[in-house]
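Peer 1: First the structure, which I've put down as structure tokens, then a few questions once you've had a look.
Values quoted throughout were computed directly from the atomic coordinates according to the rules given, and no laboratory measurement underlies them. Computed from a prediction, not measured in an experiment: that's the story for all the values here. So basically every Cβ, Gly included, is an ideal-geometry build from the backbone, and we count neighbours across all protein chains shown.
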Amino acid sequence: MTDGWKKFLWGVAAGAVAAAFVQTDTFKKGAAKALACGAQLKEDAKEYFETLKEDVEDLKAESSAKA
């Protein structure tokens with residue numbers, strides 16, 4: 001058996017193990033939790049930058065009023 005075939009068979013075996021792991025409840029729960037955390041992080045960042053934008057606009061208006 002050539003080196004290329006060995007690598008191919010290792011790849012097939014690794015793919016089979018990965019496919020089996022992806023179907024487990026542990027993986028599904030972990031993936032759902034990771035996605036939920038990512039969505040929460042996105043919302044928190046969006047809220048933070050909206051507040052920051054409003055603060056900058058207020059500072060700009062105050063600066064224009066004084067000038």
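Peer 1: Is there a quick way to get the dipole size of the chain? I mean about its Cα centre, with the Cβ of Lys and Arg at +1 and of Asp and Glu at -1; what is the value in debye to the nearest 20?
Peer 2: The dipole magnitude comes to about 640 debye.
Peer 1: Quick one: 3J(HN,Hα) in Hz for segment 23-33, Karplus 6.51/-1.76/1.60 with θ = phi - 60°, rounded, Gly and Pro as x.
Peer 2: Each residue's phi maps through the Karplus curve to give 8, 7, 5, 4, 5, 4, 5, x, 5, 5, 5 Hz.
Peer 1: Here is a further query. Output the 0 to 90 degree angle, nearest 10, between the alpha-carbon long axis of helix 3-22 and the longest principal axis computed from the alpha carbons of the chain.
Peer 2: Result, in degrees: 60.
Peer 1: Test of understanding: in a Gaussian network model of the chain with alpha carbons linked when under 10 Å, which of Asp44, Asp25, Asp55 would top the mean-square fluctuation ranking?
Peer 2: Asp55
Peer 1: Scan (i) 147; (ii) 97; (iii) 83 for the value of volume of the Cα convex hull per residue in Å³ calculated from this model and give just the label.
Peer 2: (ii)
Peer 1: Which of the listed residues, Ala65, Tyr48, Gly11, is farthest toward the dipole's positive end in the chain, when Lys, Arg count +1 and Asp, Glu count -1 at the beta-carbon?
Peer 2: In the chain, that residue is Gly11.
Peer 1: While we're looking at this one, here's another question. For segment 35-50, take each phi angle, set θ = phi - 60°, evaluate the Karplus expression 6.51 cos²θ - 1.76 cosθ + 1.60, and give the result in whole Hz per residue in order, putting x for glycine and proline.
Peer 2: Along segment 35-50, the couplings run 5, 5, 5, x, 5, 5, 4, 4, 5, 4, 5, 4, 5, 4, 6, 5 Hz.
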